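Enquirer: Could you have a look at this structure, given as structure tokens, before my questions?
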């Protein structure tokens, strides 16, 4: 149990670091990028390229910590069901890998505005930069298919574990549903962002609660449900 507590607290710490960095990157990006105003966005990025680079590196760092958190959760939950634990780890790995590649679209906007400012007319330059930023946003939402899917097996294992609160498993599954709703809304009902607001709240509560519980409380003093069943 001491080893499991250490693993749980490691997972909680890694997950919490991921959340903090991801929020920081999102807030910083919102101060630079206005998807409905290409001119203002181009001026902000050109005036503060280092802020844009910090945002880019923050996104990369959050992806690394997200992957490490998934690995720690796999180590913690594989005793419940190794195959399902491997499934959520693979979904996370695929999501992080593709999401990291998608970030090149974000960096392409900076390259255009800094290295190609004399090649294209201003209007075309701004439109191209906004195109790549829009591609990055679309790719990020698309990746929520994988990031949402990994929450279902993760939530299931938390429910079945016996050493984590069942409510956390329920919240994670609801989080996964919310992620899927976000994808559908973004591509089928653009402009109706209000549909996704409840899902964002659930997502924040579920993932922050999981990270804090693991970090502060750890796990209960009992064996995983799968081990109990084998022993019986």
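The values are calculated or read from the model by the stated rules, or taken from the named source; none is laboratory data. As the structure is a computational prediction, the values presented were derived from the model and not from experiment. Here Cβ is always computed from backbone atoms with ideal geometry, including for glycine, and neighbour counts include all displayed protein chains.
Enquirer: For segment 156-166, which positions are surrounded by fewer than 24 Cβ atoms within 10 Å (Cβ to Cβ) and either under 21 Å from the mean Cα position of the chain (by Cα) or not in a helix (DSSP H, G or I) (or both)? If you could, list the steps in order and put the result at the bottom.
Expert: Initially, segment 156-166 is screened for residues surrounded by fewer than 24 Cβ atoms within 10 Å (Cβ to Cβ), giving 156, 159-160, 162-163, 165-166.
Result: 156, 162, 163, 165.
Enquirer: The conditions are (1) under 19 Å from residue 152 (Cβ atoms); (2) modelled with pLDDT of 90 or more, and residue 226 fails exactly one of them. Which is it?
Expert: Among (1) under 19 Å from residue 152 (Cβ atoms); (2) modelled with pLDDT of 90 or more, the lone unmet condition for residue 226 is (2).
Enquirer: For segment 29-48, indicate whether the set of residues that are under 30 Å from residue 220 (Cβ atoms) and under 23 Å from the mean Cα position of the chain (by Cα) is non-empty.
Expert: Looking through segment 29-48, none of the residues is under 30 Å from residue 220 (Cβ atoms) and under 23 Å from the mean Cα position of the chain (by Cα).
Enquirer: Quick one: is residue 139 within 23 Å of residue 34 (Cα to Cα), in contact with a helix residue (DSSP H, G or I) (Cβ under 8 Å, 6 or more places away or on another chain), part of a helix (DSSP H, G or I) and touching a residue at least 12 places away in the same chain (Cβ under 8 Å)?
Expert: yes
Enquirer: For residue 57, state whether it is within 19 Å of residue 28 (Cα to Cα), out of contact with any strand residue (DSSP E or B) (no Cβ under 7 Å at 6 or more places or on another chain), modelled with pLDDT of 95 or more and part of a helix (DSSP H, G or I).
Expert: It is true that residue 57 is within 19 Å of residue 28 (Cα to Cα), out of contact with any strand residue (DSSP E or B) (no Cβ under 7 Å at 6 or more places or on another chain), modelled with pLDDT of 95 or more and part of a helix (DSSP H, G or I).
Each row is one residue, and each column tells you yes or no for (1) touching a helix residue (DSSP H, G or I) at 6+ places or on another chain (Cβ under 6 Å); (2) within 20 Å of residue 87 (Cβ to Cβ).
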{"site": "161", "(1), (2)": "no, yes"}
{"site": "164", "(1), (2)": "yes, yes"}
{"site": "168", "(1), (2)": "yes, yes"}
{"site": "181", "(1), (2)": "yes, no"}
{"site": "193", "(1), (2)": "no, no"}
{"site": "197", "(1), (2)": "no, no"}
{"site": "200", "(1), (2)": "no, no"}
{"site": "212", "(1), (2)": "no, no"}
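Enquirer: Taking the condition in contact with a helix residue (DSSP H, G or I) (Cβ under 6 Å, 6 or more places away or on another chain), in contact (Cβ under 8 Å) with a residue 40 or more places away in the chain, part of a helix (DSSP H, G or I) and surrounded by fewer than 17 Cβ atoms within 10 Å (Cβ to Cβ), does residue 69 pass?
Expert: no
Enquirer: Then there is this: Report, by residue number, each residue of segment 44-55 that is in contact with a helix residue (DSSP H, G or I) (Cβ under 9 Å, 6 or more places away or on another chain) and surrounded by fewer than 19 Cβ atoms within 10 Å (Cβ to Cβ).
Expert: 44, 46, 48, 49, 51, 53, 54
Enquirer: Go through segment 112-124 and give me each residue that's surrounded by fewer than 16 Cβ atoms within 10 Å (Cβ to Cβ), assigned to a helix (DSSP H, G or I) and either in contact (Cβ under 8 Å) with a residue 24 or more places away in the chain or touching a helix residue (DSSP H, G or I) at 6+ places or on another chain (Cβ under 9 Å) (or both).
Expert: The answer is 114, 122, 123.
Enquirer: Right, here's the next one. Is it true that some residue in segment 12-33 is at pLDDT below 95, surrounded by 16 or more Cβ atoms within 10 Å (Cβ to Cβ), touching a helix residue (DSSP H, G or I) at 6+ places or on another chain (Cβ under 6 Å) and not in a helix (DSSP H, G or I)?
Expert: yes
Enquirer: Examine segment 79-97 for a residue that is under 25 Å from residue 60 (Cβ atoms), over 17 Å from the mean Cα position of the chain (by Cα) and not in a helix (DSSP H, G or I), and state whether such a residue exists.
Expert: no
For (1) free of Cβ contacts under 8 Å to residues at least 60 places away in the same chain; (2) within 20 Å of residue 210 (Cα to Cα), each residue gets a yes or a no:
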site: 9; (1), (2): no, yes
site: 13; (1), (2): no, yes
site: 40; (1), (2): yes, no
site: 44; (1), (2): yes, no
site: 59; (1), (2): yes, no
site: 77; (1), (2): no, yes
site: 83; (1), (2): yes, no
site: 105; (1), (2): yes, no
site: 110; (1), (2): no, no
